[in-house]
Amino acid sequence: MSLIKNFYGELRRRNVVKVATVYLIAGWLAIQIIDVAFPLLQIPEWAGALVLILVLIGFPFALIFAWAFELTPEGLKREADIDRSQSITPETGRRIDFIIIGLLLIAVVYFFLEPRISTDRPVTAEVTQPVSEAAPSQSSDISVAVLPFINMSSDKENEYFSDGISEELLNVLVKIKGLRVPSRTSSFAFRNQKMNIAEIARALGVDHILEGSVRKAGGRVRITAQLIDVDTDTHLWSESFDRDLDDIFAVQDEIAQKIVRAIQETLSVRDVGDAAAAVADNRPPSGSVEAYELYLQGRHLLYRRGDHLEKALARFKEVVQADPEYAAAWSGLAATYIVYPDYLPMDRQKARIDAREAAETSLELRPDQAESLAVLGLAAADDYRWTDSMAYFDRAIAQNPGEPTAYLWKGIQLLKIGYPDRAEHDLRKAVELAPGTGVNRSWLAVALMLNGDVEEAERYAILAQDLGHFHSTLVLAEIYEMRGDIESAAEAMDRWHRAMRIEPFRPASLAYAARGNDQLESEVIDWALNAKANFGPGVAVGPLAILRSPKALDLMRTMFANVPAMVSILWFPRYAYVRAMPGTAALLQDLKLHDYWLENGWPRWCRPSGESMVCE
């Protein structure tokens, strides 16, 4: 016992204990600062791990050094070479005490400032045109937008995880009665172009912003969230959470509860119900963190569309195979299948069957899956089961009235059916819920044009184009031709063809120029028919319609089978001559529109004629 006591006394005399304390505090501070700085500097994640290893390796060497050497006025000397009576270790110890106090003060300051360092940052957006005019004016309601949490991890591929956390918190807030929350589509548009909080809030028409960051490293995750009052630029609530990744569901629950409590206390919202429980809606029943991460990856890839859908499909398949009771994953799989043929090669009928099976499985597990209902609505429309389609969309909207996708898809089907007046209502709702989304504005422009509101249609088509939805140029081309501005119409259509990578040929300009010249018309028609094989009927039908070629009807029949959404162009003014062709009635019969119109009312372009119909 005395031996241990003597040894400890010698450790203290030689300041080994104090050196150990300094080393541990300084090492901890270094690791914390590196944890914040390295991701911002885009230094690889392994570099942080290397520093941690070096700190751990250095600890025993520091202790050995403190034991074997002493700092004297003449410099470092071996402790064995110093006369005990000449030793100044007590003075050195007092200096080390001051160093410890200083480091502790720095640690306290860092602990206080770190949440603000992690989240105070410029906010970015993809929106290149202010969209505040489409956001509803709100003077008395309470509103919060959830921005995508910034990915602070050194691995940029972890963005799926930070987006997933943001989306789960958004799902919590939309459950609170009396709280208006812009959709994910709208809020998540604000990325990658510098805008400050006030500008984003103004564009979304909200008074409060929930933002934060997520840093994922190895088996640890740090989530920082803050609720901001935009008018006063003050933080109503802010907190950081450091947890093991295995505890991700627990930390989600904790954040959800604290956010709901903060909204109750600061925004005077009382009827929150069980909103905090909504954070668990998209979790796997098995509680598997691995399955949840795969699900988030699938969602992230699905939202990005394009070539990313191939990986999204693989992720969702992997999830449902590992956890067949995971309703949200089945719903994501259904949504991926239903949009896949619009972006990548896949047999549309097979995709529709697979989408329907996945959606029905999802609804068997959880009947409240609005996304699955919307997918069934789209699948029914592709089968020309219009009544079933409308019923599915209405159920989806009733289940989740704050999600714009069902409104958009329903509005597109109403345009296809020939009801632009009814479609306008749903498409305006889609724009209201997601003002930063170009596709919503583009389809609203179609409805407005067909309803005769050409000026507003042009405005929405231009806004959609500015937001990156290049298909709106076809609407602009139609509007310009209605006004007799053939040059602008040709330029708009050629711009669309260039976006489709059909160069250097300018089919629209040549088609307009060929009018009245039999030889040139024949050359353009031959090109269009050949282009069908290489680029699809959608590319060829425009020039044929400009020349009023009867061959456009056959191309439209093929096009509608491949791209059902394009049925809506049948009601464009340019295709009036096609509607009047004798074979159009048979096409509309094949689309099963005749029977639907008999029960639900005729569009203004068609009317019954005996057992058939005529259109103009």
May I ask you to list the residues in segment 595-616 that are in a helix (DSSP H, G or I) and surrounded by fewer than 18 Cβ atoms within 10 Å (Cβ to Cβ)? ASP595, LEU598, GLU599, ASN600
Please verify whether segment 204-219 includes one or more residues that are in contact (Cβ under 8 Å) with a residue 12 or more places away in the chain, within 17 Å of the chain's Cα centre (by Cα) and in a helix (DSSP H, G or I). yes
Does GLN349 qualify as being open to solvent by 30 Å² or more (accessible area, probe 1.4 Å) and either more than 27 Å from ASP163 (Cβ to Cβ) or free of Cβ contacts under 8 Å to residues at least 24 places away in the same chain (or both)? yes
Within the bounds of segment 382-390, is there any residue that is assigned to a helix (DSSP H, G or I), aliphatic (A, V, I, L, M) and within 24 Å of LEU591 (Cα to Cα)? yes
Does LEU227 count as open to solvent by less than 50 Å² (accessible area, probe 1.4 Å), at pLDDT below 85 and not basic (Lys, Arg)? no
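Yes or no, residue by residue, for (1) out of contact with any Lys or Arg (no Cβ under 8 Å at 6 or more places or on another chain); (2) under 29 Å from LYS311 (Cβ atoms); (3) assigned to a loop (DSSP other than H, G, I, E, B):
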| site | (1), (2), (3) |
| --- | --- |
| ILE176 | yes, no, yes |
| THR185 | yes, yes, no |
| ARG191 | yes, yes, yes |
| ALA201 | yes, no, no |
Condition met for ILE228 (under 23 Å from the mean Cα position of the chain (by Cα), assigned to a strand (DSSP E or B), farther than 30 Å from ASP368 by Cβ and of a type in the set (Val, Ile, Thr)): yes
So which pairs qualify, if the first residue must be in segment 360-382 and of a type in the set (Val, Ile, Thr), the second must be assigned to a helix (DSSP H, G or I) and crowded, with 24+ Cβ neighbours inside 10 Å, the Cβ gap must be under 7 Å, and the two must be at least 6 apart or on different chains? THR361/TRP330; VAL375/ALA334; VAL375/ALA335; VAL375/ILE338; VAL375/ALA355; VAL375/ALA359
Whether any residue in segment 565-574 is of a type in the set (Lys, Arg) and in contact (Cβ under 8 Å) with a residue 60 or more places away in the chain is what I want to check. yes
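To keep it simple, each residue is scored yes or no on (1) open to solvent by 30 Å² or more (accessible area, probe 1.4 Å); (2) β-branched (Val, Ile, Thr); (3) on the phi > 0 side of the Ramachandran plot.
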position: ALA540; (1), (2), (3): no, no, no
position: ILE546; (1), (2), (3): no, yes, no
position: MET556; (1), (2), (3): no, no, no
position: ILE569; (1), (2), (3): no, yes, no
position: PHE572; (1), (2), (3): no, no, no
position: LYS592; (1), (2), (3): yes, no, yes
In segment 166-180, which residue that is open to solvent by less than 10 Å² (accessible area, probe 1.4 Å) and more than 14 Å from the chain's Cα centre (by Cα) is nearest to ASP207 (Cα to Cα)? LEU173
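Each row is one residue, and each column tells you yes or no for (1) open to solvent by less than 20 Å² (accessible area, probe 1.4 Å); (2) part of a loop (DSSP other than H, G, I, E, B); (3) touching a Lys or Arg at 6+ places or on another chain (Cβ under 7 Å).
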position: ILE397; (1), (2), (3): no, no, no
position: GLY402; (1), (2), (3): no, yes, no
position: GLN413; (1), (2), (3): yes, no, no
position: LYS416; (1), (2), (3): yes, no, no
position: ARG422; (1), (2), (3): no, no, no
position: ARG428; (1), (2), (3): no, no, no
position: GLY436; (1), (2), (3): yes, yes, no
position: SER442; (1), (2), (3): yes, no, no
So, first residue charged (D, E, K, R) in segment 231-247, second residue open to solvent by 70 Å² or more (accessible area, probe 1.4 Å), Cβ within less than 6 Å, six or more apart or across chains; the pairs are none
Does ARG305 meet the test of being of a type in the set (Lys, Arg), over 17 Å from the mean Cα position of the chain (by Cα), at pLDDT below 90 and open to solvent by 50 Å² or more (accessible area, probe 1.4 Å)? no
Here is a list: ALA334, ALA312. Which entry is surrounded by 21 or more Cβ atoms within 10 Å (Cβ to Cβ), farther than 26 Å from ASN451 by Cβ and in contact with a Gly (Cβ under 7 Å, 6 or more places away or on another chain)? ALA312
What number of residues in segment 452-467 are in a loop (DSSP other than H, G, I, E, B) and buried (at least 19 other Cβ atoms within 10 Å of the Cβ)? 1
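The values are calculated or read from the model by the stated rules, or taken from the named source; none is laboratory data. Keep in mind that this is a model prediction, so the values were computed, not measured. We place every Cβ from the backbone using ideal geometry, glycine too, and count neighbours over all the protein chains shown. Protein only, heavy atoms only, side chains kept; ligands, DNA and RNA dropped before computing areas. Shrake-Rupley method; radii C 1.70, N 1.55, O 1.52, S 1.80 Å.
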